[in-house]
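Report on the following structure.
The values are calculated or read from the model by the stated rules, or taken from the named source; none is laboratory data. Because the structure is a prediction, the values reported are computed rather than measured. A quick note on method: Cβ atoms are made from the backbone with ideal geometry, for glycine too, and the neighbour counts reach across all protein chains shown.
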Amino acid sequence: MQYDRFKKRNVDINVVLNQNEGQFLPITNHYSVTLLTSGKIEGNINKLDFNISAPAIICLNDKDKFQITKNQNAILPTISFAPDFLSVLRISEKEYIKKDPQIIKERLKLFNRTQGYTGIYSLNSQLYSKVLNQFLMAISEIQIQTDNFWVCRIKKCLIESLTMVEQFNQEVGKNALAEAVNYIHLNYSDQVEQKDLVNVAHLNRVSLNKLFQQTYGCTSMQFLQRYRLKMATELLTLTGLSLTEIAYAVGYNYDTFFIKQFEKHYHETPTKFRKKAQKIAQYQ
């Protein structure tokens, strides 16, 4: 439990820099996200044996049965939070409500034990780099509380990390289109050019855009634009971050350009969308 020194309230989120043997996992009445940053662990989760090396991420709910039987120099930093942490919506400066909007249900799939969601997920080097960066930023905000938006930034980091891992976990097989889509999912917040997608897909621009048109009804760069705006809608709904910070988080260098693109796609301003989306979320 952290005390919010700006808003004089308790925030149910915690960090342990290394879980050692994982003896404290799972954590009662909490979801936990553990990053295997180095080493190797063996054990069992819900009676299923596992043997996994870094990098990997472990997403547990408090009903999981988790045990590490062998630890080979593993480092296991863990962030734990109350199940409703991501579902607390900021309606105004002083008003918060607890809801469970559909976008949160999607982000919590990694903690559910449906088919394909075991709780332990291997990461490739590129995904690990992105998740680690978000993880470290979240830990920093928990420990330092930069300003009165520190909780919103932690939510942002968790939402973006869980989204990247969940979408990576969904991919079945590797092909040119999947490589390009995965690259967008991992790098949308950075500068992405057509040549980057061409290089990862090992196709020329015409062939790649033909695949995107056939599958998504748009070019690869239009897909990137739509994905950035989609992620922006989640941050607008679930956090109180400024438009400037959200614009930067989803890959726009200028909030004016972000607002223009958002209004062009959704036919309303981000501010108007936020007010409407948060109002709708109250009744979901």
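Odds and ends about this structure:
- Set THR256, THR271, THR237, THR233: member being part of a helix (DSSP H, G or I) and within 17 Å of ARG153 (Cβ to Cβ): THR237
Condition check ((1) assigned by TED's automatic domain parsing to the domain that holds LEU229; (2) of a type in the set (Ser, Thr, Tyr); (3) under 13 Å from the mean Cα position of the chain (by Cα); (4) under 19 Å from SER87 (Cα atoms)) across all residues:
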site: ASP147; (1), (2), (3), (4): no, no, no, no
site: LEU162; (1), (2), (3), (4): no, no, yes, yes
site: HIS185; (1), (2), (3), (4): yes, no, yes, no
site: VAL192; (1), (2), (3), (4): yes, no, no, no
site: ASP196; (1), (2), (3), (4): yes, no, no, no
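- Boolean, SER189 is in contact (Cβ under 8 Å) with a residue 40 or more places away in the chain and either among the small types (Gly, Ala, Ser) or under 22 Å from ARG107 (Cβ atoms) (or both): yes
- Checking each residue in region 214-255 for being surrounded by fewer than 17 Cβ atoms within 10 Å (Cβ to Cβ), modelled with pLDDT under 90 and not hydroxyl-bearing (Ser, Thr, Tyr) picks out only GLN214.
- Test: ASP12 is modelled with pLDDT of 90 or more and over 20 Å from VAL131 (Cβ atoms): yes
- Enumeration of residues in region 1-16 that are surrounded by 15 or more Cβ atoms within 10 Å (Cβ to Cβ) and among the hydrophobic types (A, V, I, L, M, F, W, C): VAL11, ILE13, VAL15, VAL16
- Going through (1) in contact with a Lys or Arg (Cβ under 6 Å, 6 or more places away or on another chain); (2) more than 18 Å from HIS30 (Cα to Cα) one by one, LEU127 falls short only on (1).
- Residue that is buried (at least 16 other Cβ atoms within 10 Å of the Cβ), at pLDDT 90 or above and not in a helix (DSSP H, G or I), where the choices are VAL192, VAL198, VAL165: VAL192
- A search for C-beta distances below 7 Å between a residue of region 46-58 that is farther than 18 Å from ARG113 by Cα and any residue that is hydrophobic (A, V, I, L, M, F, W, C) and assigned to a strand (DSSP E or B), counting only pairs 6+ apart in sequence or on different chains, returns ILE52/LEU36; ILE52/ILE41; ILE52/ILE120; ALA54/LEU36; PRO55/LEU36.
- Selection of region 127-148 for residues being β-branched (Val, Ile, Thr) and touching a helix residue (DSSP H, G or I) at 6+ places or on another chain (Cβ under 6 Å) yields only VAL131.
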